[in-house]
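K.L.:
Sending over a structure as structure tokens; questions will come in a sec.
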Amino acid sequence: MTEAEKRYHDWRACALDNETAAELNAIESDGAQIEERFCRELSFGTGGLRGELGAGTARMNVYTVRRATQGLADFLLAAGLPKRAAIAHDSRIKSDVFAHETACVLA
């Protein structure tokens, strides 16, 4: 089993929202999709955390946003920086959802 397949199965075993669970079920027999979506973690670029929307560690979704936000929170706490943040969103699809999830994790 590849690392991507292991991540895929880990995600399927978690209690995910219905939309994500359905998306993961739909690619169950598509090794190429599993590899593409789970071969890596979504990383920050010059424009921030961006990627194709969808289920997987290499895609933009509430789970990758929450994980990145927790990393930011851990950094702020470890550095002794003020526990404040400004959160914004724009007109991109799910930007408001991701902003809300970010606020929930930081709270």
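K.L.:
Kindly indicate which of Leu42, Leu24 is touching a helix residue (DSSP H, G or I) at 6+ places or on another chain (Cβ under 9 Å) and at pLDDT below 95.
P.N.:
Exactly one residue qualifies, and that residue is Leu42.
K.L.:
Could you say whether any residue in region 79-92 is exposed (fewer than 13 other Cβ atoms within 10 Å of the Cβ), among the acidic types (Asp, Glu) and either modelled with pLDDT of 95 or more or assigned to a helix (DSSP H, G or I) (or both)?
P.N.:
No, there is no match, as no residue in region 79-92 is exposed (fewer than 13 other Cβ atoms within 10 Å of the Cβ), among the acidic types (Asp, Glu) and either modelled with pLDDT of 95 or more or assigned to a helix (DSSP H, G or I) (or both).
K.L.:
From the list Ala15, Ala4, which residue is touching a Cys at 6+ places or on another chain (Cβ under 7 Å) and free of Cβ contacts under 8 Å to residues at least 40 places away in the same chain?
P.N.:
Just one listed residue meets the conditions, Ala4.
K.L.:
Kindly establish whether Arg59 is of a type in the set (Lys, Arg), open to solvent by less than 60 Å² (accessible area, probe 1.4 Å) and closer than 22 Å to Ala103 by Cα.
P.N.:
yes
K.L.:
Mind checking which residues of region 11-34 are open to solvent by 70 Å² or more (accessible area, probe 1.4 Å) and either in a helix (DSSP H, G or I) or among the aliphatic types (A, V, I, L, M) (or both)?
P.N.:
Within region 11-34, Arg12, Ala13, Ala15, Asn18, Glu19, Asn25, Ala26, Ala32 qualify.
The values are calculated or read from the model by the stated rules, or taken from the named source; none is laboratory data. Remember, predicted model here, so these are calculated numbers, not experimental data. Quick reminder, even Gly has a Cβ in these numbers, built from the backbone with ideal geometry, and neighbours come from all protein chains shown. Protein only, heavy atoms only, side chains kept; ligands, DNA and RNA dropped before computing areas. Shrake-Rupley method; radii C 1.70, N 1.55, O 1.52, S 1.80 Å.
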